[in-house]
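First comes the structure, then the notes that go with it.
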Amino acid sequence: MIIRPPRDADDEQIHEVARLAFGGAREPGPDSLWSNQPGWHGLVAELDGRIGGTLKVRDYQQFFGGTAVPMGGISTVAVAPAGRGHGVATALLDAVLPEMRDRGQCVSALYPSVPALYRSRGWEQTGNYERVKLRPELFALLPAARLVMRHATEADLPALHDCYLRFARTVDGMLDRSTAAFQLERLLELDIVEVAPGEDGTVRGYLTGERREGDTLIIHDLVADDRETALGLFANLGRWAGILTEISLRINDPAWWQLLMTQPMLHEVRNHPWMLRVVDLPAAVAARGWPNAAYLASTSVDIEVVDEHAPWQAGRHRLVVDGGKVVCEPGGDGTVRLQARALGPWYAGSADTAMLRRGGLLDGDASAARVLDLLTGAPRLPRMADSF
Ligand SMILES: CC(C)(COP(=O)(O)OP(=O)(O)OC[C@H]1O[C@@H](n2cnc3c(N)ncnc32)[C@H](O)[C@@H]1OP(=O)(O)O)[C@@H](O)C(=O)NCCC(=O)NCCS
């Protein structure tokens, strides 16, 4: 087996391996060829002179503590059927870890179909990507609101993106959608891109989505600066009553889902959990925001990281909290021991140290470990509104 970066000439074989794994059109469309896509790096596994395995890393930035952190979004992990069960996917993951580190991608996220594979290499379940299907009549139970809206044009896109960012930076786990992996103008290919204009060319809220065949409307983003705007967007969705039986809403903002929306008494939320791994601990600590640190007295926690697949971050570190800043320095007494898989949930704040201990991912001094929780505000639920 040879693991190497893909070449343009591999396009067709990569498409075939990915198609066999995930389905899709037999003939690749121009956008589905790797060499035509921006904002990624990747690896392929050559088996007997043919492409037998693929792994792509999308260049993303993910908000933690209000700051966008360089993140490698792993996708298209696929192995040709005959090559499965012989460690090809594992070898691709092993090879991509140092590559992400070299590129400054200090954390990595992925949507797993086989968690065991990724757990074995240090990723752990961390956040949610959720959708809910609601009857349009439900929106009529909310306080009535009429919002002036219009279909977006290209000129609206920067203001629409600003509106997204005002919300996204307040929810840990959201992508900033500012890297080359996103082409903002492609939003206009959607059926629904409806903005609520604010003052001076700003956008105070918007909806994006698709009217597919059948009775369902798929809403991707429902983003609003404030309550009035959110209620106006809901009211607009309510106007589909009578023709549609269902609206599928992606739950991006817990503010409207938990505090404004009338939730049906019994309802089903479909979740696709995502996993996170810390790839370069000192860089990841330096990159995220630590809003709680401003309220903590100067202190430090000595940790020992067990990480055989990212050996550059294995061993002892001291997390120093001082003057509202957090720094990860080498050394210390290793008072709290964390397995590689503990780092993602700790970093994102999705699991507190009591949970990590019960999950077999952390041991050592319990009171020192509490500082790790205070830093992130754990436990709290990170969310992402983009799947890949
Ligand atoms: C998932 C896939 C990439 C695994 O490739 P592979 O080269 O066979 O994986 P490896 O041999 O490196 O597997 C390592 C470990 O991962 C786990 N694993 C791999 N495939 C698994 C599966 N389908 N179900 C459950 N666990 C699996 C096992 O723990 C395995 O160890 P074991 O063989 O000792 O039991 C491959 O089966 C595939 O292409 N599947 C279809 C596409 C897909 O699901 N991709 C993942 C997207 S997130």
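The values are calculated or read from the model by the stated rules, or taken from the named source; none is laboratory data. Values in this document were obtained by computation on a predicted structure and should not be read as measured data. Neighbour counts run over all protein chains shown; Cβ positions are idealised from the backbone, glycine included.
Being under 20 Å from the mean Cα position of the chain (by Cα), closer than 30 Å to Gly73 by Cβ, at pLDDT 95 or above and not assigned by TED's automatic domain parsing to the domain that holds Thr90: is that true of Arg383 here? For Arg383, the condition - under 20 Å from the mean Cα position of the chain (by Cα), closer than 30 Å to Gly73 by Cβ, at pLDDT 95 or above and not assigned by TED's automatic domain parsing to the domain that holds Thr90 - is met. Of the listed requirements (1) away from the ligand (no atom under 16 Å from the Cβ); (2) touching a His at 6+ places or on another chain (Cβ under 9 Å); (3) closer than 19 Å to Arg103 by Cα, Leu33 misses just one: (3). When Leu147 is tested against the conditions (1) in contact with a helix residue (DSSP H, G or I) (Cβ under 7 Å, 6 or more places away or on another chain); (2) assigned to a helix (DSSP H, G or I); (3) surrounded by 18 or more Cβ atoms within 10 Å (Cβ to Cβ), the lone failure is (2). For beta carbons closer than 9 Å, sequence separation of 6+ or different chains, a first residue in the stretch 107-134 that is within 18 Å of Asp307 (Cα to Cα) and of a type in the set (D, E, K, R) and a second that is at pLDDT 95 or above and within 10 Å of the ligand (Cβ to nearest atom), the qualifying pairs are Arg119/Pro112; Arg119/Met275; Arg121/Thr90; Arg121/Leu93; Arg121/Asp94; Glu124/Pro115; Glu124/Tyr118; Glu124/Met275.
Of the strands (runs of 3 or more DSSP E) lying entirely inside the stretch 219-321, those containing at least 3 residues that are within 20 Å of Gly377 (Cα to Cα) and in contact with a helix residue (DSSP H, G or I) (Cβ under 6 Å, 6 or more places away or on another chain) are 274-278.
Which residues, taken from the stretch 346-371, are in a loop (DSSP other than H, G, I, E, B) and either touching a strand residue (DSSP E or B) at 6+ places or on another chain (Cβ under 6 Å) or on the phi < 0 side of the Ramachandran plot (or both)?
Residues of the stretch 346-371 in a loop (DSSP other than H, G, I, E, B): 349-352, 359-361, 365.
Listed by number, the residues that qualify are Ser350, Ala351, Asp352, Gly359, Leu361, Asp365.
When Thr216, Thr179, Thr229 are checked against the criterion of being among the hydroxyl-bearing types (Ser, Thr, Tyr), more than 23 Å from the chain's Cα centre (by Cα) and farther than 22 Å from Ala255 by Cβ, Thr216 stands alone in meeting it.
Among the candidates Gly72, Gly127, which residue alone is crowded, with 22+ Cβ neighbours inside 10 Å and within 30 Å of Leu266 (Cα to Cα)? Quick ask: steps written out before the conclusion?
On the way: Gly72 fails: within 30 Å of Leu266 (Cα to Cα).
Result of the check over Gly72, Gly127: Gly127.
Considering the stretch 41-137, the qualifying strands (runs of 3 or more DSSP E), each wholly inside and each with 1 or more residues that are more than 8 Å from the ligand (Cβ to nearest atom) and closer than 20 Å to Ala284 by Cβ, run over 50-64, 67-79, 107-110, 124-127.
Identify, from the list Gly324, Gly359, Gly344, the residue that is in contact with a Lys or Arg (Cβ under 7 Å, 6 or more places away or on another chain), outside the structural domain of Gln61 (by TED's automatic domain parsing) and not charged (D, E, K, R).
Working: Gly324 fails: in contact with a Lys or Arg (Cβ under 7 Å, 6 or more places away or on another chain); Gly359 fails: in contact with a Lys or Arg (Cβ under 7 Å, 6 or more places away or on another chain).
On inspection, the qualifying residue turns out to be Gly344.
When each of Pro282, Pro197 is tested for being surrounded by fewer than 20 Cβ atoms within 10 Å (Cβ to Cβ), closer than 22 Å to Ala155 by Cα and at pLDDT 95 or above, the lone residue that passes is Pro197.
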